[in-house]
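Down below is the structure, laid out as structure tokens.
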Amino acid sequence: MTVKSVRVLGLLFAASVAFVALVALGGCAGSPAASDTRRIYADAAQRIGADRVPVVVVPGILGSKLEESATGRSVWGAFVYGAADADRPDGARLIALPMREGAALTDLRDDVVATEALDTVKIDTLGFVRGVTIEAYAGVLKTLGAGNYRDPLLARGSQIDYGGEHFTCFQYAYDWRRDVAESAAGLAGAIRSAQIAARNARGMAADEPLKVDVVAHSMGGMVLRYYLRYGDQPLPEDGSLPELTWAGAKDVRWAVLVGTPSGGSVLSLQQMVNGMNLHPIAPHYRPAVMGTMPAIYQLFPRTRHARVIDERTGEAIDIFDADEWARLDWGLVSEGAERWLRILLPGLSPEARRRTARDHLEKSLRRAEQLHRALDVPGEPPAGTELVLFAGDADETAEVLSVDERGRLRVAETSPGDGTVTRHSALMDERIGSAWRPRLQSPIAWSQVRFLAEDHVGLTTSPAFTNDLLFLLLEARDPGSGERWSVGSDAGVTP
């Protein structure tokens with residue numbers, strides 16, 4: 001299985017894996033680099049020091065392993081004998097989130113937990129297990145040795161002996177099926193754990209302020225943005241917006257987003273309508289199964305941006321209107337969903353199944369629209385927190401979908417991007433779908449934006465990304481410190 005064959009949801013699982021590997025951190029591209037980053041950052045990387053700012057890594061959608069907590073059975077992350085198979089009733093029920101008419105999305109819980117960020121996918125073919133490694137997390141750290149950021153999960157597995165040094169890199173694994181705001185609340189816990197570890201290593205008081213750096217990929221960047229703005233506040237059940245407090249920003253120094261679809265991706269709608277095929281020998285994830293997952297709806301583009309167009313009228317389709325889904329025969333309310341609804345909702349009458357599916361669709365669409373409104377409130381983080389974006393703009397990327405009278409989707413327009421996320425979406429450019437205006441119009445107050453001529457996978461393995469990221473984390477001025485760089489006649493660049 002190649003990296004290309006694993007491209008899904010427009011938010012690549014393969015990219016999430018490669019990203020987790022890379023930001024572990026050293027920026028160790030496996031291929032020859034334009035710059036010798038090992039040599040450039042030799043001093044900074046080898047001197048881990050007690051003052052090293054911890055880094056929390058947030059993978060994208062599909063980038064965390066999911067297991068059934070009671071049995072340890074793999075739900076996502078391995079396609080081997082005994083793992084949940086979405087083509088079988090028991091596997092489909094395990095992978096899908098529960099649905100219950102009248103229940104809040106936050107109350108729909110199952111026995112599945114996220115265990116760790118993914119580094120390897122295993123596929124069982126005719127009895128032979130073949131391990132497929134894509135820039136494995138552990139492998140990158142082994143290459144870097146003991147002179148860089150250290151991950152406690154790898155140390156516990158005896159994969160790397162850090163010689164007693166303290167840990168400075170932490171994975172945040174989360175259930176990527178669930179609401180982004182819920183995942184943001186979990187990120188709050190991951191950041192607290194990183195702070196506790198760092199305070200203990202430095203002999204700091206438990207209440208002494210300590211910031212971390214967070215590097216987030218794809219949907220992970222949406223999780224990070226919600227956390228910065230609202231901390232662990234949930235989205236209110238009445239549809240209103242949480243209070244914009246920037247509660248999370250007080251704990252984050254550099255907030256680095258890589259290939260994040262802040263403006264959504266039409267590819268997520270394609271996968272929701274048509275289902276998801278990872279590989280010819282891997283399970284097929286049907287629209288009814290995927291339709292149970294609130295997070296995927298939250299990856300949709302905004303209606304105001306007119307990214308999904310009615311082929312007959314040329315008008316934008318409101319993809320957050322459940323009546324439109326019924327008209328177009330999409331997802332949970334499509335005729336084709338009935339077979340899988342019988343599997344996902346056993347014991348219910350056909351009428352009750354249809355009501356439950358419609359209810360779940362409506363709740364998920366409302367929650368997605370509510371999350372978008374919360375993320376789209378213009379605002380600038382407080383001093384001491386800076387937002388940095390890495391995005392691709394060299395590959396033609398699906399931008400606009402047209403929909404025919406039978407509900408079939410077709411890519412009508414492309415635009416520069418990384419092959420998965422458009423440049424417009426990464427920037428959250430509000431000019432799309434409206435009259436063009438000079439200068440970027442975005443609710444996100446970017447401190448820095450870096451464009452790379454790379455695809456969605458290549459962003460995370462690019463030598464330019466490696467170099468720039470390591471500079472930010474190891475050598476750049478501390479955000480909010482008031483320091484600026486100037487050139488001196490003898491001493492070179494000094495603060």
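Some points to look at:
- Full extension of the segment from R100 to D321, taken as 0.36 nm per residue of separation minus the current Cα-Cα distance, would add 77.6 nm.
- Compared with the alpha-carbon gap, the fully stretched path from A453 to L241 is longer by 72.6 nm at 0.36 nm per residue.
- Assigned charges on the beta-carbon of Lys, Arg, Asp, Glu; the range 395-468 dipole about Cα centre (debye): 280 debye
- Partner aspartates and glutamates for K65 [C-alpha distance under 13 Å; skip if fewer than 8 residues away on the same chain]: E116, D119, D175
- Fully extending the segment from D107 to E311, taken as 0.36 nm per residue of separation minus the present Cα-Cα distance, adds 69.6 nm.
- Virtual spin-label span in nm between E68 and R437, 7 Å along Cα→Cβ: 5.3 nm
- Span from the the range 305-384 Cα centroid across to the the range 210-287 one, whole angstrom: 17 Å
- Normalising the Debye intensity of the range 320-440 to I(0), with uniform scatterers on Cα atoms only, and taking log10 at q = 0.09, 0.11, 0.22 Å⁻¹ returns -0.42, -0.60, -1.27.
- Spin-label pair N274-V377: with each label point 7 Å from Cα along the Cα-Cβ axis, the two points sit 3.7 nm from one another.
- Viscosity 1.002 mPa s, temperature 20 °C, Stokes-Einstein D of the range 199-315 from Kirkwood C-alpha radius, µm²/s: 123 µm²/s
- All aspartates and glutamates inside 17 Å of K363 as judged from Cα atoms, apart from same-chain residues fewer than 8 positions distant: E101, D107, D179, E182, E237, D238, D318, D321, D323, E324
- Estimated distance in nm for a label pair at N200 and H284, the labels positioned 7 Å out from Cα along Cα-to-Cβ: 4.9 nm
- Aspartates and glutamates with Cα under 13 Å of K211, excluding same-chain neighbours fewer than 8 positions away: D51, D251, E386, D478
Quick note: the coordinates plus some simple rules give every number you see, no bench work behind them. Keep in mind it's a predicted model, so treat the numbers as computed, not measured. Counting neighbours? That spans all protein chains shown, and the Cβs are built from the backbone with ideal geometry, glycine included.
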